[in-house]
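Chemist: Handing you this structure, nothing more for now.
The values are calculated or read from the model by the stated rules, or taken from the named source; none is laboratory data. A quick note: this is a predicted structure, and the numbers were derived from the prediction, not measured. Using ideal geometry, Cβ is built from the backbone for each residue, glycine included, and neighbour counts are taken over all protein chains shown.
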Amino acid sequence: MASYAEVNDKAATGDVSKVNLRYTTDPNTEPYNLLGYWELEFVLAEASVRGWIATDAKEHYENGVKASFDFYNTYA
């Protein structure tokens, strides 16, 4: 593993690239979720299949798929 100074020297000579500053200075530029609605729907679908809750697993699964596509299509 290279030291920070060594990476800086290599970047200055063009031998390596540094992480794009948007990832370190503006973390709000990329969409992300810690637990999205679609993931919750998948959890509920699994809970339903296991008999832990009395709801429709298929409906939860389909809601999860649709919500996932809707979220990522927004940023495509």
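Chemist: Which of the residues that make up region 32-64 are in contact with a helix residue (DSSP H, G or I) (Cβ under 7 Å, 6 or more places away or on another chain) and either modelled with pLDDT under 90 or among the β-branched types (Val, Ile, Thr) (or both)?
Modeler: Gly36, Val49, Ile53, Thr55
Chemist: Among the residues of region 56-76 satisfying the criterion of being under 15 Å from Glu46 (Cβ atoms) and without any contact (Cβ under 8 Å) to a residue 24 or more places away in the chain, which is farthest from the chain's Cα centre (by Cα)?
Modeler: Asp56
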